[in-house]
Amino acid sequence: MKKQPRPGKDKPSAQEPDNPFDAPRGAAGARAAVIVPVLSGRYRGAGATEASLRRSPQARLEEAIGLAAAIDLDIVSSGIVTVSNPRPGTLFGSGKVEELGAIVKAEEAELVVVDHPLTPIQQRNLEKALQCKVLDRTGLILEIFGARASTAEGTLQVELAHLKWQKSRLVRSWTHLERQRGGLGFIGGPGETQIEADRRLIQERIMRLERDLEQVTRTRDLHRQKRKKVPQPVVALVGYTNAGKSTLFNRLTQSDVFAKDLLFATLDPTLRRVTLPHGSDIILSDTVGFISDLPTHLIAAFRATLEEVTEANLILHVRDISHEDTDAQAADVAATLDILGLDEDRDARLVEVWNKVDLLPEEQRQTLVGANRAGTGPVAVSAVSGEGVDDLLTRIEDRLSEGSHVYRVSVPLEDGERLAWLYRHTDVLKRQDGEAGIRVQVRVGERRKDEFSDRYRGAFVEVDGDTDDTIS
């Protein structure tokens with residue numbers, strides 16, 4: 001990526017140096033140090049987020065290194081720093097800042113990643129003290145999203161989130177930030193400062209982006225309305241980043257969506273058709289992965305995309321069951337779903353999928369996969385080997401068929417069109433061909449029940465209800 005100019009400017013003027021607090025665009029391959037602050041004592045609960053408290057410091061460090069590697073940074077140093085008394089100006093104490101400065105100088109690091117929220121003042125002071133760029137966790141996630149965005153919609157969403165984050169960080173120290181005089185000559189009072197002008201330009205750009213994304217939302221609503229007119233229900237994959245959603249998506253759809261052992265490998269949503277065991281079709285949606293401490297303005301920017309989840313008939317929560325922090329990751333996903341408004345009916349629409357069972361010990365793997373046959377609880381699968389995938393498709397079919405009705409239908413041999421309609425719009429469970437005609441057993445969803453009744457009036461019998469009389 002190229003370094004991006006300030007909003008509203010084609011390029012910086014000769015008198016205006018580059019903003020030293022811009023995110024390191026084009027920093028792929030840059031030498032970076034990764035620091036994970038761990039607040040201790042009485043500051044632990046107040047200074048750390050709930051998500052970070054659920055994880056061990058080592059797990060946080062591994063994830064932070066993974067995030068940095070996701071934009072091809074060259075990690076030259078990493079470590080955990082205990083912070084007993086957070087400083088409002090730098091977060092770390094003066095001695096620790098000097099120690100970090102020595103590491104930066106010795107390793108010739110160009111960037112320091114701090115896996116903790118930093119205030120604009122803390123970021124500026126650390127950059128001055130360390131003589132290099134500093135990114136906190138939010139800034140790093142925004143950089144990854146910026147690198148992953150490949151569609152016009154994704155680019156708009158990332159830019160909106162980045163500008164909202166950047167707006168609060170116009171804490172610069174340029175020489176050109178003096179207040180400009182308004183009016184002609186010496187007439188009139190002082191005008192706005194450069195920092196005020198930048199903030200105004202950013203706000204104008206934010207408003208334009210929000211209008212563009214409103215159009216995206218309307219377009220997605222139209223697409224959803226069209227999908228609701230056809231019988232295929234929508235099933236959405238959600239989960240923590242790198243849980244294997246895209247690999248499972250490829251396994252289920254026989255597609256080649258980009259999937260890699262990389263945090264946030266998928267950003268833009270992808271939809272494909274999948275055929276279930278009894279022949280009915282669903283639309284499977286692969287969405288962006290979640291992560292702990294996901295910036296709220298980033299969730300807001302991606303709401304149009306994430307609405308694919310809120311509107312889905314069924315949600316598959318894919319978990320990396322082999323990860324040591326799988327429970328903490330599941331809690332983070334649940335928290336994000338709550339933000340999206342799925343706190344009330346989430347359990348009714350959600351199926352847990354325990355992925356990567358191939359990485360578990362053999363005895364534990366066999367126990368989990370064997371439990372799939374029970375039809376309740378999580379579904380254990382391996383997206384890589386395909387183990388348990390058939391059980392997952394059966395579970396999806398069973399959950400989607402809840403509330404549907406099963407009928408026995410008689411169709412004349414010569415009426416191929418009526419038989420074809422059943423195959424297109426219902427789940428054909430059984431078929432028996434005879435000289436007098438064709439008898440099929442079908443499952444009909446609530447949405448198709450009235451149309452089915454009109455087409456086959458007098459020719460079907462409900463076999464799963466309290467009566468066995470022909471409906472006429």
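Here, each number is a calculation from the coordinates, and none is a lab measurement. On a predicted model such as this, the values are computed, not experimentally measured, just so you know. Backbone-built Cβ (ideal geometry, glycine too); neighbour counts: all protein chains shown.
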| said: Report, in listed order, any pair from K128/K167; K105/K167; K133/K245 with a Cα-Cα distance greater than 22 Å. | reply: K105/K167; K133/K245
| message | How big is the dipole moment of the stretch 322-452 about its Cα centre under a simple scheme where the beta carbon of each Lys and Arg is +1, that of each Asp and Glu is -1, and everything else is neutral? Debye, nearest 20, please. | response | 740
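Is there a quick way to get the dipole size of the stretch 124-170? I mean about its Cα centre, with the Cβ of Lys and Arg at +1 and of Asp and Glu at -1; what is the value in debye to the nearest 20?
Here the stretch 124-170 has a charge dipole of around 240 debye.
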| message | Cα atoms only: what Rg and Dmax, in Å, come out for the stretch 351-472? | response | 19.0, 57
| message | Can you give me the Rg/Rh ratio for the stretch 380-447, using Cα atoms for both radii and the Kirkwood formula for Rh? | response | 1.13
| message | Using Stokes-Einstein with the Kirkwood hydrodynamic radius over Cα pairs, what translational diffusion coefficient do you get for the stretch 345-410 at 25 °C and a viscosity of 0.890 mPa s, in µm²/s rounded to a whole number? | response | 187
| query | List the GluC sites (Glu not before Pro) in the stretch 92-150 that DSSP assigns to loop (not H, G, I, E or B) and whose Cβ has at most 16 other Cβ atoms within 10 Å. Which are they? | reply | E108
